[in-house]
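Read through the structure below, which is laid out as structure tokens, and then see the notes.
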Amino acid sequence: MVVHRVVLRQFRSYEQATLDLEPGLVLLTGPNGIGKTNLLEAIHFAATGRSPRTARDADLIRHGAPLAYVRVEWSDPVAGRRQVEMAVHRQQGKALRLDGRKRHRLADLHGALPVVYFAPESLALVKAGPGTRRAFLDDLLLQVEPGYGQLLQDYQRALVQRNQLLREIRAGRASPALLAIWDEPLYRHGQEVRQRRRRLLDELAPRAAAAARRVEAGGALGPGELQLAYRTGDPPLAGAPVEAASPADLEAFHPDEVARGVTLWGPQRDDFSLCLDGQDARAFASQGQQRALALALTLAEVDLIRARLGRWPVLLLDDVLSELDARRRRHLLQAVAPLPQVILTATDEPEWPEGVAARVIRLPLEEVHP
């Protein structure tokens, strides 16, 4: 995949602007606050329907404007030239056009323009709680598995309804017998979510291990061997995992669930571990090693998308080089240079490793008015 043009109107700091891009390594450079990150965010928003930086769509709209608009034009190795248009209104929400046709579901975007985004805050993949890693798996599955979005939505809808019912039962406004209605669909959808996440992690693990070696994630404690393992967050059920149970067996949890007002089992409690040279990376890896591991997951994500979809994603790297030492910076640039397109940002142009060249675009962009 290669993005050729990005058109912005009233998006973040931009009133109107156009960015023309080429294949290969592209560096957007300029002082802090000039709008480099906003450009990468706009590409991600158009490709996925959401921002990697905020959950509030209204944050994307320039101050004082009623809506923000992004158009991204790209070439697909199979389908040829394509374009997506995304608008977000303060009052009416999102509107989408794909190849000139109005679409009503964001799911229509999934896999059309695969992108992978990495920024300094991506370090949370290693350091933060389980929710960040679950979201990483889910976001990747949305891009590579048709129908996963609907499955996840079905599960989350059942979970919300069941948790609401638990609170109603606790308050004495509903009968505990009603829980059986939600146990079966929650269990069925939850098992499918878990199976897909597990399969994905099994595919991701060897790729992440290879990437960790390439960016030299090791240190004083070892050579940098990375292992990923899926972890369920269910309490034990008669000494056996919930996955081996039946929906009827889950009635054993009902008293505790009513007392707490929340579902105690299911994939919303899961996580995956990162072990570096046999040690928990969250507890024992240095800041530099954790950053290298987050990068390794990103590079593994790129390779998995290529394997699943038969097309390389566009890699978006926001202010990553300043966070790496010279050795890891060199390894990263050498690793990503062969990709069809990598768009990265930096305040200054780095020293490029031998054999690596980039097109440099200096910001601010000249604003384009109709």
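How much accessible area per residue does segment 263-326 have, counting only protein heavy atoms and a probe of 1.4 Å, in square angstrom?
I get 32 Å² per residue for this part.
How do 179-187, 62-70 rank on mean C-beta neighbours within 10 Å, highest first?
Highest mean packing first, the order is 179-187, 62-70.
Quick one: helix 148-170 against the long Cα principal axis of the chain, what's the angle to the nearest 10°, folded into 0 to 90?
40
Once the Cα atoms of helix 287-309 and of the chain are each reduced to a long axis, what angle between those two axes, in degrees from 0 to 90 to the nearest 10, is obtained?
Around 90 degrees separate the two axes.
On a 0 to 90 degree scale, rounded to 10, what angle separates helix 130-144 from the longest Cα axis of the chain?
70
Can you give the Kirkwood hydrodynamic radius of the chain from its Cα pairs, in Å with one decimal?
After inverting the mean inverse Cα-Cα distance, the result is 22.3 Å.
How many percent of the accessible area of the chain is carbon or sulfur, using a 1.4 Å probe?
Its accessible area is 49 percent carbon and sulfur atoms.
Send over the semi-axes of segment 288-367's equivalent ellipsoid, whole angstrom and largest first, taken as the square roots of 5 times the C-alpha gyration tensor eigenvalues.
21, 18, 12
Tell me, what HN-Hα J-couplings in whole Hz come from the Karplus equation 6.51 cos²θ - 1.76 cosθ + 1.60 at θ = phi - 60° for each residue of segment 83-89, using x for Gly and Pro?
Listing the rounded values in order: 8, 10, 10, 10, 10, 10, 9 Hz.
What trypsin sites (Lys or Arg not before Pro) does segment 112-190 have in DSSP loop regions with at most 16 other beta carbons within 10 Å?
Filter output for segment 112-190: Arg173.
Cα centroid distance between segment 176-233 and segment 1-78, in Å?
31
Determine, at each q value in 0.13, 0.17, 0.23 (inverse angstroms), the log₁₀ of I(q)/I(0) that the Debye formula gives when each Cα of segment 157-214 is one equal point scatterer.
Relative scattering, expressed as log10 I(q)/I(0), comes to -0.52, -0.65, -0.86.
Please say if segment 1-40 is rounded, prolate or oblate, where rounded means a/c under 1.5 for a ≥ b ≥ c the square roots of the C-alpha gyration tensor eigenvalues, and otherwise the choice is prolate for a/b larger than b/c and oblate otherwise?
In terms of gyration-tensor shape, oblate.
Name all residues of segment 309-333 having a backbone nitrogen under 18 Å from the label point set 7 Å from the Cα of Ala357 along its Cα→Cβ direction, giving them as ranges.
Answer for this model: 333.
Please give the contour-minus-distance gain from Gln150 to Gln164: 0.36 nm per residue of separation, less the Cα-Cα distance, rounded to one decimal in nm.
Computed gain between Gln150 and Gln164 is 2.9 nm.
Suppose the chain between Arg306 and Asp99 were pulled fully straight at 0.36 nm per residue; how much longer would it get relative to their current alpha carbon spacing?
72.3 nm
Rounded to the nearest 0.05, what FRET efficiency do Ala171 and Thr54 give with R0 = 35 Å and r taken as the Cβ-Cβ distance? Could you check?
Computed FRET efficiency for Ala171 and Thr54: 0.55.
Give me the compactness ratio for segment 251-319, meaning the Cα radius of gyration over 2.2 N^0.38 Å.
Rounded to two decimals, the normalised Rg is 1.70.
What are the residues whose amide H is under 5 Å from the amide H of Arg103, where those residues sit 5 or more places off or on another chain and H is modelled from the backbone?
Close amide H contacts, sequence-distant or interchain: Leu96, Arg97, Leu98.
When a/c is below 1.5 the answer is rounded, else prolate if a/b is larger than b/c, else oblate, so apply that to segment 1-135 with a ≥ b ≥ c taken from the square roots of the Cα gyration tensor eigenvalues.
Rounded.
Write down the percent of antiparallel bridges among all DSSP beta bridges whose residues are both part of the chain, to the nearest 5.
Taking every DSSP beta bridge with both residues in the chain, the antiparallel ones total about 70 percent.
The values are calculated or read from the model by the stated rules, or taken from the named source; none is laboratory data. Quantities reported herein were computed from a predicted structural model and do not represent experimental measurements. Using ideal geometry, Cβ is built from the backbone for each residue, glycine included, and neighbour counts are taken over all protein chains shown. When the accessible area is computed, the model is the full protein with side chains, heavy atoms only, and any ligands, DNA or RNA have been set aside. Shrake-Rupley method; radii C 1.70, N 1.55, O 1.52, S 1.80 Å.
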